[in-house]
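Novice: Please find one structure pasted underneath; my questions will follow.
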Protein chains: 2
Amino acid sequence: MAVCELISNNGFDAVTVARTAATAGISVGLVQHYFRTKDEMLLHAFHHVSTHVRHRIDKRIQAGIEHRRPIAKVLAAGMAELLPLDATRRTEFRVMRAFAGRALDVPALAEVDIETARALRADIAQAVRNGKECGEVEPDLDPWPAAVRLAAVTDGLALQVYRDPDGVQGVPAKELAASILDAELGVTFTGQCQQYDSRKDRL
Amino acid sequence: MAVCELISNNGFDAVTVARTAATAGISVGLVQHYFRTKDEMLLHAFHHVSTHVRHRIDKRIQAGIEHRRPIAKVLAAGMAELLPLDATRRTEFRVMRAFAGRALDVPALAEVDIETARALRADIAQAVRNGKECGEVEPDLDPWPAAVRLAAVTDGLALQVYRDPDGVQGVPAKELAASILDAELGVTFTGQCQQYDSRKDRL
DNA sequence: GGATATACCGTATAGCCATACGGTTTTTAC
DNA sequence: GTAAAAACCGTATGGCTATACGGTATATCC
């Protein structure tokens, strides 16, 4: 999507209807044909990248399930997918962040933002519940606080990795993030998977 | 500052030189007299709120030290200061976030953003070191990963509290955040404070 | 093949924006 | 008191923006 290209290269302010059209190689009129207003265009773009990131994570999770890997490991991989650890994800992060920043003021964007976050949290909670069933998680643990916490560290870690891509105090960002995520998951996923009945759960 | 008022009421896009002047009750010319460009004005505003939030936290920490409270408790209070748990902090959060979103594209803003984050992280690390000295923290624990982790959860938690001010699954945001912060601090601060030599450490 | 819809274009326009500039008032310094 | 500096104002203006609009090509259907 041309919008994302512009955001990641020149910032959100550079996204004008005219420039977007030019970047996409079409005319202003055609953009108007597809989107009645600029906001509609932005909303569509936001929705687009949101679901794109989601699908990327879902795919990774699906693969993990098929290979019967421990849930904690699958989660770790999925969450790492949200960290700007390479050029691609860094670009993605910039775009998502720019949108999220705008979502503070534009209700239509905020809706998508909240919905995306909620869905992620719900899926993490489901993963914790699955963890209980197969013995990786203590049976009486409430999955929601854990899900909120895990979503929070991922979010916060992403920002830190973005700001200091080279890491902190000599420790590369990648390793630092991985160890923190592992530790964080270790708080919740304390046991080892016994058996996993692969139902249709997404996580 | 008029800039912040505009951002929190009408969003970042509403911040124009003319409107800022009107909000502040002065003329456009005077704004230009103080700031050569709009960017300069924005940068000043960002710097202003950054240090303001910082001072608020520092004060709370200073009070905690004077009352000889456990470092973990002081840290918890300081970090909670960053969460949008009431109207004031919610406004502050909006402003900070809007700036942070812009900082992705404007190098001058990014610099302030990074510097602020680094300072916070450094102070948390110092708190962990202090914790070691008085027995709250295991002596051989590396303070940096812990600091990164704690900064990350605070950041991420702030966003979640903002998005879902009413909490998750019936648990109010305030309690949820407090319990998560406590749990997170509990991972690092495992012991009890024996004695604390109140030096000039800021945390 | 004609009609209807959809894809697509280029230009016009009214509004808002940051900034430039020349002026006036107030304060400061001696 | 007076001169210099700082605070302060109001009005251009040129550029960029979203959007409106009228038109042309192209596909789709009967």
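Novice: With an 8 Å Cα cut-off and a minimum separation of 6 or more residues, compute the relative contact order for chain A in percent.
Specialist: 23 percent
Novice: In nm, one decimal, shortest first: how far is the label point of A:Gly186 (7 Å from Cα along Cα to beta carbon) from the matching points in the other copies?
Specialist: Inter-copy label distances (nm, one decimal, shortest first): 1.8.
Novice: Under the definition of partner shielding as Cβ atoms of other protein chains within 10 Å of a residue Cβ, what is the mean value for peptide A:94-104?
Specialist: 4
Novice: Placing the label point 7 Å from Cα along the Cα-to-Cβ direction, what are the distances from B:Pro172 to the equivalent spots in the other copies, shortest first, in nm to one decimal?
Specialist: Copy-to-copy label distances at B:Pro172, shortest first: 4.6 nm.
Novice: How far apart, in nm, are the 7 Å Cα→Cβ label points at A:Arg90 and B:Ala63?
Specialist: It is 4.2 nm.
Novice: Still on this structure, I have one more. If you rotate chain B onto chain A, whose Cβ in B ends up lying nearest the axis, and how many Å away is it?
Specialist: B:Gly101, 1
Novice: List the pairs from A:Lys174/B:Lys38; B:Lys59/B:Lys174; A:Lys132/B:Lys59 whose alpha-carbon separation is above 32 Å, in the order I gave them.
Specialist: Violating the 32 Å Cα-Cα cut-off are A:Lys174/B:Lys38; A:Lys132/B:Lys59.
Novice: Same structure, new question: Can you bin segment B:40-121 into rounded, prolate or oblate? Criterion: square roots of the alpha carbon gyration tensor eigenvalues sorted a ≥ b ≥ c, rounded for a/c under 1.5, prolate for a/b above b/c, oblate for the rest.
Specialist: Prolate is the answer for segment B:40-121, as a/c is 1.5 or above and a/b outweighs b/c.
Novice: Tell me, in nm to one decimal, what length is gained between A:Leu30 and A:Arg118 on full extension, where the rule is 0.36 nm per residue of separation less the Cα-Cα distance?
Specialist: Additional length available on full extension: 28.3 nm.
Novice: Another question, then. Put the label 7 Å from Cα along Cα→Cβ for B:Pro107; what are its distances to the other copies, in nanometres, shortest first?
Specialist: 4.0
Novice: With the dipole of the protein assembly as shown worked out from charges on the C-beta (+1 for Lys and Arg, -1 for Asp and Glu) around the Cα centre, which of A:Thr23, B:Leu157, B:Ala119 lies farthest toward the positive end?
Specialist: A:Thr23
Novice: Moving on to the next point. Rounded to whole Å and sorted largest first, what semi-axes of the equivalent ellipsoid does the C-alpha gyration tensor of the protein assembly as shown yield via the square root of 5 times each eigenvalue?
Specialist: 35, 31, 17
Novice: Let me ask something else about it. Which value in deg cm²/dmol, rounded to the nearest 500, describes the helix-derived mean residue ellipticity at 222 nm for chain A, given -39,500 (n - 2.57) per DSSP H run of n ≥ 4 and division by the residue count?
Specialist: Per the formula, -23500 deg cm²/dmol.
Novice: Please identify, among B:Thr88, B:Thr190, B:Thr154, the residue showing maximal mean-square fluctuation in a Gaussian network model of chain B using a 10 angstrom Cα cutoff.
Specialist: Maximum fluctuation in the GNM of chain B, among the listed residues, is at B:Thr88.
Novice: Right, something else. Which shape class, rounded, prolate or oblate, goes with segment B:75-145 when its Cα gyration tensor gives a ≥ b ≥ c as root eigenvalues, a/c under 1.5 marks rounded, and past that a/b bigger than b/c marks prolate?
Specialist: Cα axes put segment B:75-145 in the oblate bin.
Novice: Estimate the FRET efficiency between B:Val17 and B:Glu175 by the formula 1/(1 + (r/R0)^6), using the beta-carbon distance for r and 30 Å for R0, to the nearest 0.05.
Specialist: According to the calculation, E is roughly 0.10.
Novice: Inside 10 Å of the C-beta atoms of A:167-174, what's the mean count of C-beta atoms belonging to other chains?
Specialist: Averaged over the peptide's residues, the number is 3.
Novice: Mind running the shape call on segment A:64-203? Use the C-alpha gyration tensor, a ≥ b ≥ c as the square roots of the eigenvalues: rounded below 1.5 for a/c, prolate if a/b tops b/c, oblate otherwise.
Specialist: In terms of gyration-tensor shape, oblate.
Novice: Quick one: pull the percentage of alpha-carbon pairs in segment B:1-148 with a separation above 29 Å.
Specialist: Distances greater than 29 Å cover 29 percent of the Cα pairs.
Bear in mind these aren't lab numbers, they're just calculated from the coordinates by the rules spelled out. All of these numbers come straight from a predicted model, not from anything done at the bench. Backbone-built Cβ (ideal geometry, glycine too); neighbour counts: all protein chains shown.
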